[in-house]
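Scroll down for the structure; my scribbles are underneath it.
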Amino acid sequence: TYVVTDACIKCKYMDCVEVCPVDCFYEGDNMLVINPSECIDCGVCEPECPAEAILPDTEDGLEKWLEVNTKYSEEWPNITVKRDSPPDADEYKGVEGKFEKFFS
Ligand code: SF4
Ligand code: F3S
């Protein structure tokens with residue numbers, strides 16, 4: 001599966017939802033997550049994210065993000081249509097430590 005990581009937090013560009021063939025993105029206030037049991041591993045979302053927030057969970061150190069994506073995709077609503085990203089999205093692009101400060 002692919003997972004959304006903290007680079008998405010407060011950026012939320014939402015280009016990813018447009019391309020997913022199985023509509024498996026779910027929306028929190030500050031980030032999106034992927035439902036790992038629905039993701040078919042096609043990989044098309046990965047290069048679409050301007051924040052480079054989407055990664056295959058086969059990369060090292062992503063266990064936490066697999067847990068976050070699994071848990072919150074069960075709680076948050078499905079999102080299938082891209083809307084405007086937050087007006088200050090670019091200010092948060094590449095910022096470290098966003099999970100601790102802004103996760104939701
Ligand atoms: Fe959707 Fe494919 Fe991305 Fe999985 S890898 S979330 S199926 S676009
Ligand atoms: Fe987030 Fe990137 Fe999608 S910033 S909303 S994972 S396009």
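Here, each number is a calculation from the coordinates, and none is a lab measurement. It should be emphasised that the depicted structure is a prediction, and the values quoted were computed from it without experimental measurement. Methodologically, a virtual Cβ is constructed for each residue, glycine included, from the backbone with ideal geometry; neighbour enumeration extends over all protein chains shown.
Side notes on the structure shown:
- Sub-7 Å Cβ pairs linking a first residue in region 24-49 that is more than 18 Å from L62 (Cα to Cα) and among the polar types (S, T, N, Q) to a second residue that is assigned to a loop (DSSP other than H, G, I, E, B) and away from ligand 2 (no atom under 12 Å from the Cβ), at least 6 apart or interchain, are N30/F103; N30/S104, ordered by first then second residue.
- Test: E67 is free of Cβ contacts under 8 Å to residues at least 24 places away in the same chain and assigned to a helix (DSSP H, G or I): yes
- Of all the criteria given as (1) farther than 21 Å from K98 by Cα; (2) free of Cβ contacts under 8 Å to residues at least 40 places away in the same chain; (3) within 12 Å of ligand 2 (Cβ to nearest atom), the one not satisfied by C16 is (1).
- With respect to (1) part of a helix (DSSP H, G or I); (2) among the polar types (S, T, N, Q); (3) in contact with a helix residue (DSSP H, G or I) (Cβ under 7 Å, 6 or more places away or on another chain), the lone exception for T80 is condition (1).
- Taken over region 7-36, the residue count meeting the criterion of being within 11 Å of ligand 1 (Cβ to nearest atom), within 18 Å of W76 (Cβ to Cβ) and assigned to a loop (DSSP other than H, G, I, E, B) is 6.
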